[in-house]
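Visitor: Here's a structure for you.
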Amino acid sequence: MRILYCALDQTVPGTKGGSVHVTAVAEGLAARGHDVHVLATPGGAFPAGAVHWIPMTPPFGRKELRWTRAAAVRTLARAIRPDVIIERYYNFGGEGMSAAAATGALAVLEVNAPVVDYPGSPKRLLDRLLLVEPMRRWRERMCSQAHLIVTPNREILPAGTPASKIVELEWGADTDRFRPGAAGPVPFARPADIVAVFAGAFRAWHGAIHLAHAIGELRSRGRNDIGAVFIGDGPEQPRVRQAAAGLHGVVFTGAVPHEQMPASLAACDIGVAPFDLARHGPLALGFYWSPLKIFEYMAAGLPVVAPAIARIPALVEHEREGLLYEHAPDMKVGPTAGRPRARPDAAPGALAASLERLADPDLRGRLGREARSRAVREYSWKAHCAALERGMIDALARRA
């Protein structure tokens, strides 16, 4: 198939999850023999290989203006003549769906963020003040135009979206590169005998501050053998640094190029994903994320420590691939875990206790091996792209 992938608000190469996702899907589909053309914002030299990277950015770098590129995308699509156009969903997008309608290509909408508004959404309030609710109508139009919708969680799609055109897919990890013992430069020296790592964006709902608090609690109990490495950047980092001030065995690396991440994770012992859903309004709809950090931890052979909330127990099995701690007193570990209360510190000490348990090298090794096995089996980009390909072939057959 000839595929045009519209992701012009994503920077490639880049360090954020969206950039990693776009690159992995494009390269994965190309590796399966497809002719892949990608519209993206250049963050330097585009990756070498079989993918045709085409520089196109939203006007003035503002993704809210992405829709104004619709005419340019239609012109390009008529020249490329793709069988499939994939658009990475954004509220102010729609250029891919428009080009698919103009060229007769299969329209695939990749939805990684809620299409529906969460309770109390300012955007929803503004939409209602405009009376005709133009933003809701535009989003629902994009979904109705799509022949296939790919999403980690169908609950974030408009009610009434036909199940026949939904493919639920998790993100993944490059399990060839992310593996135990991966070689390469590591931007830190191990700060302790046992190293827990947080990798990702420093935003409030990613919960990095909870790892800093957990290390502080371990120090107060005389546990100096467990340290932490924080990899990444973002608006919450100053607050996390302040929480970790004065604690020995804690390192902050700042943002790290994604090509250095396999070796960086392999140099650690425990992967921590202390998500705090109460800190992000849209997550009232449910944990719609497909958490890249968890899949890369698992691929690297790290046992995962995370709260037992929402979908996480379905992604990481407690006592098998990691340890899931109770985030609130009424929450139970397991697939039926409920949604969190707005009390991020409702289970004090639970994260620290999980880290302390993983000081046991036998437990750490067993959980890490199982995590690696499941990542290869279920969470590789190869598996993601194979399932995406099947979905597109089936959708093309239905149209025919």
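The values are calculated or read from the model by the stated rules, or taken from the named source; none is laboratory data. Just so it is clear, the model here is predicted, and its values are computed rather than measured. Backbone-built Cβ (ideal geometry, glycine too); neighbour counts: all protein chains shown.
Visitor: Consider residue 319 against the criteria (1) within 30 Å of residue 122 (Cβ to Cβ); (2) at pLDDT 80 or above; (3) more than 15 Å from the chain's Cα centre (by Cα): it satisfies all of them except one. Which criterion is unmet?
Guide: Residue 319 satisfies every listed condition except (1).
Visitor: Hey, can you tell me all the residues within segment 192-229 that are of a type in the set (Phe, Trp, Tyr) and within 18 Å of residue 354 (Cα to Cα)?
Guide: Across segment 192-229, the qualifying residue is only 198.
Visitor: Given the criterion touching a helix residue (DSSP H, G or I) at 6+ places or on another chain (Cβ under 6 Å), of a type in the set (A, V, I, L, M) and farther than 20 Å from residue 16 by Cβ, identify the matching residue among 244, 273, 278, 208.
Guide: Testing whether each residue is touching a helix residue (DSSP H, G or I) at 6+ places or on another chain (Cβ under 6 Å), of a type in the set (A, V, I, L, M) and farther than 20 Å from residue 16 by Cβ leaves just 244.
Visitor: Which of (1) within 22 Å of residue 258 (Cα to Cα); (2) outside the structural domain of residue 353 (by TED's automatic domain parsing); (3) crowded, with 23+ Cβ neighbours inside 10 Å does residue 208 not meet, given it meets every other one?
Guide: That leaves (2) as the condition not met.
Visitor: Here is a further query. Can you find a residue in segment 365-374 that is farther than 19 Å from residue 292 by Cα and either outside the structural domain of residue 295 (by TED's automatic domain parsing) or at pLDDT 95 or above (or both)?
Guide: yes
Visitor: Within segment 103-114, count every residue that is surrounded by fewer than 20 Cβ atoms within 10 Å (Cβ to Cβ) and either closer than 20 Å to residue 283 by Cα or not assigned by TED's automatic domain parsing to the domain that holds residue 167 (or both).
Guide: Of the residues in segment 103-114, 2 are surrounded by fewer than 20 Cβ atoms within 10 Å (Cβ to Cβ) and either closer than 20 Å to residue 283 by Cα or not assigned by TED's automatic domain parsing to the domain that holds residue 167 (or both).
Visitor: For segment 156-197, what are the residues that are within 16 Å of the chain's Cα centre (by Cα) and buried (at least 19 other Cβ atoms within 10 Å of the Cβ)?
Guide: Result: 156, 170, 171, 172, 173, 174, 175, 178.
Visitor: Further question on the same structure: Take the residues of segment 39-97 that are assigned to a helix (DSSP H, G or I) and aromatic (Phe, Trp, Tyr): which is surrounded by the fewest Cβ atoms within 10 Å (Cβ to Cβ)?
Guide: So the residue we want is 60.
Visitor: Moving to a separate point now. Which is modelled with pLDDT of 95 or more, closer than 20 Å to residue 288 by Cα and within 18 Å of the chain's Cα centre (by Cα), of 388, 324?
Guide: It is 388.
Visitor: Of these, 101, 70, 50, which one is touching a strand residue (DSSP E or B) at 6+ places or on another chain (Cβ under 9 Å), within 24 Å of residue 18 (Cβ to Cβ) and of a type outside the set (S, T, N, Q)?
Guide: Of the residues listed, the single one that is touching a strand residue (DSSP E or B) at 6+ places or on another chain (Cβ under 9 Å), within 24 Å of residue 18 (Cβ to Cβ) and of a type outside the set (S, T, N, Q) is 50.
Visitor: Please tell me if residue 153 is out of contact with any Asp or Glu (no Cβ under 8 Å at 6 or more places or on another chain) and either in contact (Cβ under 8 Å) with a residue 40 or more places away in the chain or surrounded by fewer than 21 Cβ atoms within 10 Å (Cβ to Cβ) (or both).
Guide: Here the answer is no, as residue 153 does not meet what is asked.
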